[in-house]
Amino acid sequence: QVQLVESGGGLVQAGGSLRLSCAASGIIYRINAMGWYRLAPGKQRELVAVITRGGSTTYADSVMGRFTISRDNAKNTVYLQMNSLKPEDTAVYYCTANQRYDYWGQGTQVTVSS
């Protein structure tokens, strides 16, 4: 069993930055891909970014060039650096990690004011 705990969300003005962190704990032997999804009111869940254990990354078109995903395998932690934030980035951001099964965090709210 793997537990994921996100941190770093909050309220920021448009154009600002936030850094999300997600730490995995529990029974860990080898976490494969880690990533971030988001869910905004009235919208479907959206993949934001994913990073493999080897460091390969994938981004949603809507965040390309503004967000950067990274991870520290030694700490079992994934990060999401979000720059040039827009009001449409407002959502609950969920961390996910794969270790045989997909595990999810509880979510952290990001609110971008115009």
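The values are calculated or read from the model by the stated rules, or taken from the named source; none is laboratory data. Small disclaimer: the values here were computed from a predicted structure and weren't measured. Positions of Cβ are backbone-derived with ideal geometry, glycine not excepted, and every protein chain shown enters the neighbour counts. The area values use the complete protein model at the heavy-atom level, side chains included, leaving out ligands, DNA and RNA. Shrake-Rupley method; radii C 1.70, N 1.55, O 1.52, S 1.80 Å.
Numbers for the structure displayed
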{"read-out": "Those strands (runs of 3 or more DSSP E) lying entirely in segment 32-114 with at least 2 residues of a type in the set (D, E, K, R)", "value": "67-72"}
{"read-out": "Residue within segment 44-52 that is over 14 Å from ARG19 (Cα atoms), surrounded by 12 or more Cβ atoms within 10 Å (Cβ to Cβ), free of Cβ contacts under 8 Å to residues at least 40 places away in the same chain and out of contact with any strand residue (DSSP E or B) (no Cβ under 8 Å at 6 or more places or on another chain) present", "value": "yes"}
{"read-out": "Among (1) of a type outside the set (Phe, Trp, Tyr); (2) surrounded by fewer than 18 Cβ atoms within 10 Å (Cβ to Cβ); (3) touching a residue at least 60 places away in the same chain (Cβ under 8 Å), the one test that GLY55 misses", "value": "(3)"}
{"read-out": "Residues of segment 12-26 that turn out to be among the aliphatic types (A, V, I, L, M) and more than 16 Å from the chain's Cα centre (by Cα), as a count", "value": "2"}
{"read-out": "Qualifying position, being over 13 Å from GLU6 (Cβ atoms) and either at pLDDT 95 or above or of a type outside the set (Phe, Trp, Tyr) (or both), among ALA23, ALA60", "value": "ALA60"}
{"read-out": "Count - residues of segment 70-98 that are open to solvent by less than 10 Å² (accessible area, probe 1.4 Å) and under 19 Å from ILE31 (Cα atoms)", "value": "4"}
